[in-house]
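Some notes on the structure that comes next.
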Amino acid sequence: MNIFAIISSIFLLTLLGAQSTSANVQASVTSNSVALKWSPISGAVKYHVLLSDDQNTVVDRNETQFGTLLPNTLYQVIISAADVNGTNLANILPLEYQFRTVAAPVSNLHIMDVTESSIQLTWDMDNETDSYQVMVKNDTGAEMSATVVLGEEGATISGLHRMKFYNFDVTPVGSSGLGESATIRARTDGSGIKLIAIWQGSQGIFGGAAKIFRPITIPRGSYSIKVQLPCPVLAVKFWNAKLDKKNSVPADATYVLRQSKLWQRRKAEIGMNFYFTQENETTTCVISEDNISLEFGAVVEAPRDASVNTAIPLKVEEWGINGLVSVLLSELYNDTNADMTKPTNGTWNAKPEYGDYVIAVDSGAGCTGGLIYDDVWGMTRKSSEGMPGALPSTAYFVQDEMQWPTNEMGLLYGYNPEVCEDRSGITAQIMVGGPFVDAVFAAEDA
């Protein structure tokens, strides 16, 4: 039953052809909602508000809201005056109003590619959207001049400056005009250092702050940044990287930084504060962007001759005619998703970094033919073909960057009874470092 149509007909019959008005209705519209406000109607105690998608409400004020609307869609509203009992006042003209919701913000907006002068954006295209508008802003929100070329999957913005952050507002344009914007922040590629400030403190102590920009894309493993200041300083402090004390020589103003943890590798900017006395800041030692040298990825850790292997506790269960294996990595390492000030899950032992370990699951002496892995979660199986020392009864798994934060992993397996009579000997171990681990990830990177 179309309530909207029936009530509209009643109004038209009651009013004997009188024309309604929308001059006093205002609407604030988004892609999925509308806020309506209208001038008070004399004699009205309440209002019936009907929307053309069969939503209706009774309010005692001259405003209301509707949600769960469709984007880029035309709607009609009828607002009728009612008495204290909620009965429509037949002698008062209803208000009629039309509005169209705006286009919804784009979905799946992300960075596709970055160079020193351009950034490529991509998002899910909507067939009902006529076009898109991309606005470029700096970090203060001011609009910037740049060249925007729209394509079939997004847009390429060029004419940008290296090592700078930009905000991009992507707005769909539909039949109702500009839609809602989605915003993404990104910086152009490039490496170098920017001196933010030099200041004078108390007791002859000076200080300075700088930001190191490293290349956005870096190789797998621990990444190094060698910082050479023009003269020794009293102290330095770094953010988003750890000081490699073994390779640093403060007396020579040489500092080697390491980004080995996954959260550090995701930070392409490293903050640095340094402190020095007035004697440091002389004509022979002026700290500036021009005389701070940087080397990216120059200091490489010595490879390990062999993996360090540790047994992983398992929970093995029957699962119908198959089996279920839970890999209890949380009994060895801390849970990276947990608040480690209260380690209710895991231990205090730090989990190896992404790319530095392989999880090996062996089917045991009673199952020399190996297991058939029907489903795996929390990790990804890798081919061991051609790997030095790989065993036919062993399957090898890695955790990618998205899987690394979890210790919840396991597998569902089947088996061939002819070559796997006994599954009680299933074991697992974590292999950290060494040529085999390097070979597995080298094959992944290829």
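The values are calculated or read from the model by the stated rules, or taken from the named source; none is laboratory data. Keep in mind the model is a prediction, meaning the values are calculated, not measured. Cβ atoms come from the backbone with ideal geometry, glycine included; neighbour counts cover every protein chain shown.
Can you name the strands (runs of 3 or more DSSP E) wholly within region 1-80 that have at least 1 residues being touching a helix residue (DSSP H, G or I) at 6+ places or on another chain (Cβ under 7 Å), crowded, with 18+ Cβ neighbours inside 10 Å and at pLDDT below 90? Lay out the reasoning, then the answer.
On the way: elements: 25-29, 34-38, 46-51, 56-59, 63-66.
It comes to none.
Is region 65-79 home to any residue that is of a type in the set (Ser, Thr, Tyr) and more than 28 Å from residue 127 (Cα to Cα)? Break it down stepwise before answering.
Keep residues of region 65-79 that are of a type in the set (Ser, Thr, Tyr), which gives 68, 73, 75.
Retained after the next criterion (residues that are more than 28 Å from residue 127 (Cα to Cα)): none.
No, that holds for no residue.
So which of 60, 113 ends up being over 30 Å from residue 164 (Cα atoms), in contact with a strand residue (DSSP E or B) (Cβ under 8 Å, 6 or more places away or on another chain) and of a type in the set (Asp, Glu)? Break it down stepwise before answering.
Working: 113 fails: over 30 Å from residue 164 (Cα atoms).
60 is the lone residue from the list that is over 30 Å from residue 164 (Cα atoms), in contact with a strand residue (DSSP E or B) (Cβ under 8 Å, 6 or more places away or on another chain) and of a type in the set (Asp, Glu).
Taking residue 184, is it surrounded by 15 or more Cβ atoms within 10 Å (Cβ to Cβ) and part of a strand (DSSP E or B)? If you could, list the steps in order and put the result at the bottom.
On the way: surrounded by 15 or more Cβ atoms within 10 Å (Cβ to Cβ): yes; part of a strand (DSSP E or B): yes.
Here the answer is yes, as residue 184 does meet what is asked.
If only one of 136, 149, 173 is more than 20 Å from the chain's Cα centre (by Cα), under 30 Å from residue 75 (Cα atoms) and in a strand (DSSP E or B), which one is it? Steps first, answer last, please.
Numbers: 136 fails: under 30 Å from residue 75 (Cα atoms); 149 fails: under 30 Å from residue 75 (Cα atoms).
Among 136, 149, 173, only 173 is more than 20 Å from the chain's Cα centre (by Cα), under 30 Å from residue 75 (Cα atoms) and in a strand (DSSP E or B).
Go through region 131-159 and count every residue that is touching a residue at least 24 places away in the same chain (Cβ under 8 Å) and surrounded by 12 or more Cβ atoms within 10 Å (Cβ to Cβ). Before the answer, list the steps.
Looking only at region 131-159, we keep the residues that are touching a residue at least 24 places away in the same chain (Cβ under 8 Å), and these are 131-139, 141, 152-159.
From the residues that got through so far, the ones that are surrounded by 12 or more Cβ atoms within 10 Å (Cβ to Cβ) too are 132-138, 153-159.
Residues flagged as touching a residue at least 24 places away in the same chain (Cβ under 8 Å) and surrounded by 12 or more Cβ atoms within 10 Å (Cβ to Cβ) within region 131-159 amount to 14.
From 54, 60, which residue is touching a Lys or Arg at 6+ places or on another chain (Cβ under 8 Å) and of a type in the set (Asp, Glu)? Walk me through how you get there before you give the answer.
Numbers: 54 fails: touching a Lys or Arg at 6+ places or on another chain (Cβ under 8 Å).
Just a single option satisfies the conditions, and that option is 60.
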